[in-house]
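Peer 1: Sharing a structure here in structure tokens format.
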Amino acid sequence: TTPPPGVMCWVTGSGGGSPSCNDVDGGSTNLSSPRFGAPQIYELSMTYDRWYYDDSASSDSFRAEVSNDDGGTWTLIEQRVTPTTGWKRDTTDRL
């Protein structure tokens, strides 16, 4: 089971200060879970909320990827190059 919405959150950065103080320029953030899939699960969707902000002229982007083989291969589920204007929800069934 999963907790109700609004109970858990993962944040890059420690909060406070300017938005650029809480970013992951030149790097990535990984959130891991136990493996999922066959034989127990045949269809799976994922919903997450994200707030993507970028005020630089660099080629920063937000990428959401999933792996079900301990990071051996990855499947892109979303990529953003333009900031969102607040929290946005994304649901995918491409898992």
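Peer 1: Residue pairs, Cβ under 6 Å, 6 or more apart or interchain, first in segment 27-41 and farther than 15 Å from D93 by Cα, second at pLDDT 70 or above and open to solvent by 90 Å² or more (accessible area, probe 1.4 Å). List them.
Peer 2: L31/W10
Peer 1: Right, another one. Would you please name the residue that is least open to solvent (accessible area, probe 1.4 Å), looking only at residues in segment 59-78 that are among the acidic types (D, E) and touching a strand residue (DSSP E or B) at 6+ places or on another chain (Cβ under 6 Å)?
Peer 2: Start the filter on segment 59-78 by keeping residues that are among the acidic types (D, E), which leaves 60, 65, 69-70, 78.
Within this subset, residues satisfying the condition of being touching a strand residue (DSSP E or B) at 6+ places or on another chain (Cβ under 6 Å) are 65, 78.
Working: E65: 76, E78: 21 Å².
Across segment 59-78, the extreme among qualifying residues is E78.
Peer 1: Of all residues being open to solvent by 100 Å² or more (accessible area, probe 1.4 Å) and over 16 Å from S28 (Cα atoms) in segment 38-51, which is modelled with the highest pLDDT? Just the residue, please.
Peer 2: Kept after step one, since they are open to solvent by 100 Å² or more (accessible area, probe 1.4 Å), are these residues of segment 38-51: 40, 42-43, 51.
Okay, now just the ones that are also over 16 Å from S28 (Cα atoms), so 40, 42-43.
Values: Q40: 70, Y42: 70, E43: 73.
Of everything passing the filter in segment 38-51, E43 is modelled with the highest pLDDT.
Peer 1: I'd like to verify a number: residues in segment 79-91 that are under 19 Å from C9 (Cα atoms) and open to solvent by less than 90 Å² (accessible area, probe 1.4 Å), how many?
Peer 2: 5
Peer 1: Let me ask something additional. Only one of D25, D54 is modelled with pLDDT under 80, in a loop (DSSP other than H, G, I, E, B) and open to solvent by less than 60 Å² (accessible area, probe 1.4 Å); which? Outline the logic, then answer.
Peer 2: Values: D25 fails: open to solvent by less than 60 Å² (accessible area, probe 1.4 Å).
D54 is the lone residue from the list that is modelled with pLDDT under 80, in a loop (DSSP other than H, G, I, E, B) and open to solvent by less than 60 Å² (accessible area, probe 1.4 Å).
The values are calculated or read from the model by the stated rules, or taken from the named source; none is laboratory data. None of these values were measured; they are calculated from a predicted model. FYI the Cβ positions are ideal-geometry reconstructions off the backbone, even for glycines, and counts take in every protein chain you see. We work out accessible area using only protein heavy atoms, side chains counted, and drop any ligands, DNA or RNA first. Shrake-Rupley method; radii C 1.70, N 1.55, O 1.52, S 1.80 Å.
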